[in-house]
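> I'd like to ask some things about the structure below.
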Amino acid sequence: MSDPGIGSLTLPGFQTLEWKGDARTGHLSLIDQTLLPSETTSIACQTVDTVWEAIKVLRVRGAPAIGIAAAFGCVIGARTPAAAASTADCFKQLKQAGDHLRTSRPTAVNLFWAIDRMERVAVLALELSPDAFLDRLLAEANAIADEDRHMCRSIGRHGASVIQAGEGILTHCNAGGLATADYGTALACIFSAHEQGIPLQVFVDETRPLLQGARLTAWELQQRGIPATLICDNMAAQVMREGRIQRVIVGADRIAANGDAANKIGTYGVAVLARAHNIPFYVAAPSSTFDLSIPDGSHIPIELRDPKEITHGFGRVTAPAGIAVYNPAFDVTPAELITAIITEHGLIQPVNTASVQARLQQL
Ligand code: MRU
């Protein structure tokens, strides 16, 4: 089923997620990414539970996008049906909503960063009337989305500068417009290079088990007319050995103080392969993806997902009943395998605690 308002939009005009209406009665509208690429359909989230569910089952996914969704979820959570409710009541509800939304997915730090930011703003707005309080929260959620748009454009500009004409670029998972407010992080570098007329060829890992590469990245690249070739994850080594890949660019869900970077499961393997083939490996991410409270990647919580994602891929039974399954959704690439981290303020290179700290202090 297609929503004529959003469903018909295609890149670059589509909105991954946006608020519609005012703070008191509006809702979060988002593209249901579980249906892509066959359906471009939006859903309306009117309750905290629908936002939580959308994050949990990956209707909205990608680190920056789930942070933005949670910020709008905080606005919804702060609303109270009682006409006589006070601002303190709204604040209490906001805190409950934030606590609930924090349980949706553990790895992407953007989720926690965005909720913390909403709560800080709320504390400073307690003197306002309930309506003005909600307006302030909505303004902040919209600001988080707007800032993400700007950061992605900057990441794209910086990332494009490392791409040479004629290169083959491998990416893993989806770090495009669908994973952010707009334009993406890893894909932003590719979009920006393409817009500058730099010829390139993108190799897209399909990204087992949920196929974000095949379903989302391949779709985004196609929408923009960028030459793209889909490969199974287990083909990357062969494609590298054949000399088809000159650069790897991926996104991140959480980057520790020393530059270790969590991203979609399989990314670490790609980084090891890139090192073995002497291919530079880049991580593209905004400052909201850094978690300086943890010294290294061993502290990053790795989400374990439903075994059915592996045993019942997209509805088909693909494994014998009762088989044990391990399904971590992310892995951590050690800093020493990362050539540079591309941020909205430029490249972090080499990647280590001192250079991460130096760059983030400038932000
Ligand atoms: O499980 P997902 O689809 O949310 O995983 C997303 C990724 O791993 C992305 O590469 C990452 O969030 C970067 S998004 C700009």
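The values are calculated or read from the model by the stated rules, or taken from the named source; none is laboratory data. This one's a predicted model, so the numbers in the text were calculated from it and none came from an experiment. So basically every Cβ, Gly included, is an ideal-geometry build from the backbone, and we count neighbours across all protein chains shown.
> Kindly indicate the residue of region 17-40 that is buried (at least 18 other Cβ atoms within 10 Å of the Cβ) and more than 25 Å from Pro286 (Cβ to Cβ) and also nearest to the ligand (Cβ to nearest atom) among those meeting that condition.
Ranking the candidates gives Thr40 first.
> Can you give me the number of residues within region 157-177 that are on the phi > 0 side of the Ramachandran plot and more than 9 Å from the ligand (Cβ to nearest atom)?
Number satisfying all stated conditions: 1.
> Hey, another quick one. Looking only at region 209-230, which residues are of a type outside the set (Ser, Thr, Tyr) and within 12 Å of the ligand (Cβ to nearest atom)?
Across region 209-230, the qualifying residues are Pro209, Leu210, Leu211, Gln212, Gly213, Arg215, Leu216, Glu220.
> When the residues of region 184-200 are narrowed to those that are surrounded by fewer than 24 Cβ atoms within 10 Å (Cβ to Cβ) and not hydrophobic (A, V, I, L, M, F, W, C), which ends up nearest to Gly159 (Cα to Cα)?
For region 184-200, the residue satisfying everything is Ser192.
> With the requirement that a residue be at pLDDT 95 or above and in contact with a Ser or Thr (Cβ under 6 Å, 6 or more places away or on another chain), what does region 13-41 give you?
Scanning region 13-41 gives Glu18, Lys20, Ser29, Ile31, Asp32, Leu35.
> Taking only pairs six or more apart or across chains, which ones have beta-carbon atoms under 6 Å, a first residue in region 297-323 that is assigned by TED's automatic domain parsing to the domain that holds Arg254 and within 20 Å of Thr267 (Cα to Cα), and a second residue that is in a loop (DSSP other than H, G, I, E, B) and charged (D, E, K, R)?
Gly297/Asp260; Glu303/Arg105
> Go through the residues of region 242-258 one by one and say whether even a single one is within 13 Å of the ligand (Cβ to nearest atom), out of contact with any helix residue (DSSP H, G or I) (no Cβ under 7 Å at 6 or more places or on another chain) and at pLDDT 95 or above.
No; the residues of region 242-258 include none that is within 13 Å of the ligand (Cβ to nearest atom), out of contact with any helix residue (DSSP H, G or I) (no Cβ under 7 Å at 6 or more places or on another chain) and at pLDDT 95 or above.
> Here is a follow-up. From Asp306, Asp331, which residue is within 22 Å of Leu187 (Cα to Cα) and charged (D, E, K, R)?
Asp331
> Here's a follow-up. When you check Leu273 against the structure, is it away from the ligand (no atom under 14 Å from the Cβ), touching a Leu at 6+ places or on another chain (Cβ under 7 Å) and not polar (S, T, N, Q), yes or no?
no
> Next question, about the same structure. When you check Pro334 against the structure, is it surrounded by fewer than 16 Cβ atoms within 10 Å (Cβ to Cβ), in contact (Cβ under 8 Å) with a residue 12 or more places away in the chain and not acidic (Asp, Glu), yes or no?
no
> Same structure, new question: Would you call Arg305 surrounded by fewer than 21 Cβ atoms within 10 Å (Cβ to Cβ) and within 11 Å of the ligand (Cβ to nearest atom)?
Here the answer is yes, as Arg305 does meet what is asked.
> For residues in region 46-58 being closer than 16 Å to Ala181 by Cα and within 11 Å of the ligand (Cβ to nearest atom), which is surrounded by the most Cβ atoms within 10 Å (Cβ to Cβ)?
Residue satisfying both the conditions and the ranking: Ile55.
Residue by residue, here is whether (1) of a type in the set (Val, Ile, Thr); (2) within 16 Å of the ligand (Cβ to nearest atom) holds:
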residue: Thr107; (1), (2): yes, yes
residue: Pro130; (1), (2): no, no
residue: Phe133; (1), (2): no, no
residue: Glu147; (1), (2): no, yes
residue: Ile155; (1), (2): yes, yes
residue: Ala179; (1), (2): no, yes
residue: Thr185; (1), (2): yes, yes
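> Scan region 146-160 and tell me whether some residue there is among the charged types (D, E, K, R) and part of a loop (DSSP other than H, G, I, E, B).
no
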